[in-house]
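Everything below concerns the one structure shown next.
What follows draws every value from the coordinates through simple rules; no lab data is involved. For clarity, every value in this text was computed on a predicted model and none was experimentally measured. Using ideal geometry, Cβ is built from the backbone for each residue, glycine included, and neighbour counts are taken over all protein chains shown.
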Amino acid sequence: MADDARREKDEQAAKAETRRGFFRNVMWASTGLFAVQAAISGLAMFWPRKVEGFGAAMDIGTIDDFPVGSVTRVREGRFYLSRLSEDRIIALYWVCPHLGCTVPWVGDRFHCPCHSSIYERTGQNVAGPAPRPMDYMAIRLEGDRIIVDTGQIFERTRHLPEHETVLRR
């Protein structure tokens, strides 16, 4: 009888060791998985990914896709392409320099809905509290393709003809 009690006690102790060992193994496995995931995530930042949309150069089409006098919103790039004349265009960042609201093209002008700043199609401010014109982006031409670099945004105190890109036909 004493042997049976001792044997039962030994079996319970063995079961307890097994349960304790199981949870210890689960803890170490979880710790190891966390460490591997952290190492992979940490190393991933050293491999650049392809940047598309805002912050990258974007091919938005040919010169003929934008009629003279048109203002076209390019949502992926967060800008408007304004075709000022037969040979001049400008890409305007759609953020108001006053407080950062998104400025829509309304009829024949840009009109900020937050504080009623008004801008011409060149981005020059003409009314409202905005302290300066809308920012513009770098444009380059590759053949007849228009490439807007949304990673190059320029501030200005007033609109000048040098801010426009000249189209060569």
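Phi angles across the stretch 124-131 convert, under the Karplus curve 6.51 cos²θ - 1.76 cosθ + 1.60 with θ = phi - 60°, into 3J(HN,Hα) values of 5, 6, 10, 7, x, x, 4, x Hz, Gly and Pro given as x. Close amide-amide hydrogen proximity is noted between Ser70 and Arg83, each under 5 Å apart and 5 or more residues distant or on a separate chain (H modeled in the peptide plane; Pro and chain starts excluded). Pairs of Cα atoms nearer than 8 Å and 6+ residues apart set the relative contact order; for the stretch 92-155 it is 26 percent.
Look at Met58, Met27, Met134 and count the other Cβ atoms within 10 Å of each Cβ; fewest to most, that gives Met27, Met58, Met134. Determine, for Val26, Val71, the number of other Cβ atoms within 10 Å of each Cβ, and report the residues in order from fewest to most. Going from least to most buried by this count: Val26, Val71. Dipole magnitude for the chain: about 320 debye, using +1 per Lys or Arg Cβ and -1 per Asp or Glu Cβ, origin at the Cα centre. Take the Cβ atoms of Gln12 and Ala35, set R0 to 35 Å, and the FRET efficiency comes out at 0.50. Quick one: angle between helix 2-44 and the longest Cα principal axis of the chain, in degrees between 0 and 90, rounded to 10, please. So the helix axis and the longest Cα principal axis differ by about 20 degrees. Shown for Asp3, Asp149, Asp144: other C-beta atoms within 10 Å of each C-beta, ranked fewest to most, produce the order Asp3, Asp144, Asp149.
Normalising the average separation of contacting C-alpha pairs (under 8 angstrom, six or more residues apart) by the number of residues puts the relative contact order of the chain at 19 percent.
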